[in-house]
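Step one of this worksheet: look at the structure below.
The values are calculated or read from the model by the stated rules, or taken from the named source; none is laboratory data. Predicted, not measured: the structure shown is a model, and the values here were computed from it. Note that each Cβ is placed from the backbone with ideal geometry, even for glycine, and that neighbours are counted across all protein chains shown.
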Amino acid sequence: MTHALSVENLEKKYANGLLALKGISLAVEEGDFFALLGRNGAGKSTAIGIICGLVNKTAGSVRIFDVDIDEDFPRARSLLGVVPQEFNFSVFETPLQIVMNQAGYYGIPRRVAEERAERYLAQLDLWDKRNGVSRELSGGMKRRLMIARALMHEPRLLILDEPTAGVDIEIRRSMWEFLRRINEQGTSIILTTHYLEEAESLCRNIAIIEAGEVVENTSTRQLLSTLQREVYILDLEDPLTELPEFGRGRWRLTGPTTLEVDISREQGLNGVFRQLNANAIRVQSMRNKSNRLEQLFLDRVDRRGTE
Amino acid sequence: MSAESVRIAYFTIVTKEVTRFLRIWQQTLLPPVITTSLYFVIFGNLIGPRIGDMEGFRYIDFIVPGLILMAVITNSYANVSSSFFSAKFQRSIEEIQVSPTPEWVILLGYVTGGMARGLLVGVVVSVVAMLFSGLTVHSFPVMLSVILLTAMLFALGGFLNGLFARKFDDVSIVPTFILTPLTYLGGVFYSINLLPPFWQAVSHGNPILYMINGFRYGFLGISDIDLGLSYAIIIAFAVALFWINLRLLKTGYGIRT
Ligand SMILES: Nc1ncnc2c1ncn2[C@@H]1O[C@H](COP(=O)(O)OP(=O)(O)OP(=O)(O)O)[C@@H](O)[C@H]1O
Ligand SMILES: [Mg+2]
């Protein structure tokens, strides 16, 4: 099996002495849709920066479709497309200029570039905006522009660093659709995200980076099954003065009409409603309290602590 | 990258650079033309006649080559330093960095862009100069080669400045405190033969003196300096700067963390 990306013992020490990556190893198979999760500052963007040549590595190796970036960087780069976390195009140029220039840097002839520019700008809903100043695009449009830009040389591996940050739900879903489609057409994709549902809905495999180390590297299904508990908030119709008898342990009364409950995967929700019904507590609405991703990180830390 | 791809990448950078300075022509092309025209009016029409001849030429004719070259120097330098710095600042330089474009092509692309602006300003200023002086050319090859080499040299200097700059102020420090004084003291307005021996010797340490004299030779056929020495110095500086810039680009100085 060819690896779209293979990273070994990658280490990064920044000039200020900070050890952002402590020797991570990762392998992403060709055709995969792979999520890189991790809290703020975990080292995701640093790793991506090294892979695409914006950050000097301290140690380790990176291979893109078996091309070592130290041996043949130009070849490795032409196989790779990147959508960075921060906007990094000239705000004075138009979307069309931006994608056309990008094609130029990859040595793509103008005629081919024009066709692709139209295709990708149209697919990302930016064709109408092609001649406007890119400074005036909305945040979501700017992100889509960076995706179109990264596709101009039709890379075999596309890496997206938080592509849906600050993008509304509707556009996010259409971006998901788009990414799914190009993945089906054969592009391997790696993305970082702070939304578990994004990784859940798109990605087959997930790695978690924490403080510069890979602490989890498994299939999405496997990882979600380790999600041990979730916290739900229940809004009640009638106020309660104290926590009912059954509620010891995993229930908390956080306001006169709000109850919180920890629910583990084995327990499921039926038991909770049985108890509520038995006590004639009527629930108006219910929502998930925790960021499930955060919960996943916490669970993992808990498990590590007990190991 | 294949030769054809390299060619495409190079022209992409050049076109982008030229488009940039043409788009903001009010900041890039107009000011040097206004400044230089003022020099022509003041020294050509108002004060020049009172100064009399310099090295056998009317004063205005003597200073025109230096003024043109000064405009070329300033603009070649400023174009590259500010464009490259702002690409760094906006991080749009990353677009090129992640691509397979080799470093030497990036450098040449920016330098060509700077030369294009320097030369365009040079041409416009020359046209204006014709209104004030009987601009004659003694040796077209010398004039052309000196101006091309000088534009390249200062475009390379501007690139180095762009690599080192961390804030916008850093882009104007070198022109203000180094380039402008060296140009003024490099004999734009006078022949160094007017200076006492000591200051003549000091002036020989100023590289811009060699360029101005080389360029003036192209127009008037006179020079305070040996022409061969002028070429040698310009080329030596250009080669050194090219090499330094390329080394820094390869190690990622100022653009990779
Ligand atoms: N240029 C830099 N110089 C010094 N330290 C840096 C630099 N860039 C990042 N860091 C540090 O390296 C660590 C990893 O940062 P990185 O940007 O890779 O995290 P991340 O996982 O992408 O986080 P986020 O989810 O917030 O984007 C952080 O502690 C950060 O402060
Ligand atoms: Mg990041």
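Worth a mention:
- Residue in the stretch A:82-90 that is surrounded by 16 or more Cβ atoms within 10 Å (Cβ to Cβ) and among the aliphatic types (A, V, I, L, M) present: yes
- Among the residues here, A:Gly49 does not qualify as of a type outside the set (Lys, Arg), more than 14 Å from ligand 2 (Cβ to nearest atom) and within 13 Å of another protein chain (Cβ to nearest Cβ).
- Test: residue in the stretch A:117-135 that is in the same structural domain as A:Ser45 (by TED's automatic domain parsing) and within 16 Å of ligand 1 (Cβ to nearest atom): no
- Scan of the stretch A:128-149 for residues that are in contact with a Phe, Trp or Tyr (Cβ under 9 Å, 6 or more places away or on another chain), more than 16 Å from ligand 2 (Cβ to nearest atom) and under 26 Å from A:Leu79 (Cα atoms), ordered by number: A:Lys142, A:Arg144, A:Leu145, A:Ile147, A:Ala148, A:Arg149
- Meets criteria (surrounded by 23 or more Cβ atoms within 10 Å (Cβ to Cβ), of a type in the set (Val, Ile, Thr), within 14 Å of chain B (Cβ to nearest Cβ) and farther than 15 Å from A:Glu213 by Cβ) for A:Ile64: yes
- Screening the candidates B:Ile34, B:Ile47, B:Ile42 for the property of being more than 14 Å from chain A (Cβ to nearest Cβ), within 19 Å of the chain's Cα centre (by Cα) and over 21 Å from B:Ser86 (Cα atoms) yields one hit, B:Ile34.
- Residue within the stretch B:191-203 that is touching a residue at least 24 places away in the same chain (Cβ under 8 Å), away from ligand 1 (no atom under 16 Å from the Cβ), on the phi > 0 side of the Ramachandran plot and assigned to a loop (DSSP other than H, G, I, E, B) present: no
- Residue-level check: of (1) free of Cβ contacts under 8 Å to residues at least 40 places away in the same chain; (2) surrounded by fewer than 17 Cβ atoms within 10 Å (Cβ to Cβ); (3) part of a helix (DSSP H, G or I); (4) within 13 Å of chain B (Cβ to nearest Cβ), A:Arg135 misses just (1).
- Of all residues in the stretch B:83-107, those satisfying the criterion of being within 7 Å of another protein chain (Cβ to nearest Cβ), out of contact with any helix residue (DSSP H, G or I) (no Cβ under 6 Å at 6 or more places or on another chain) and not in a loop (DSSP other than H, G, I, E, B) are B:Glu94, B:Gln97.
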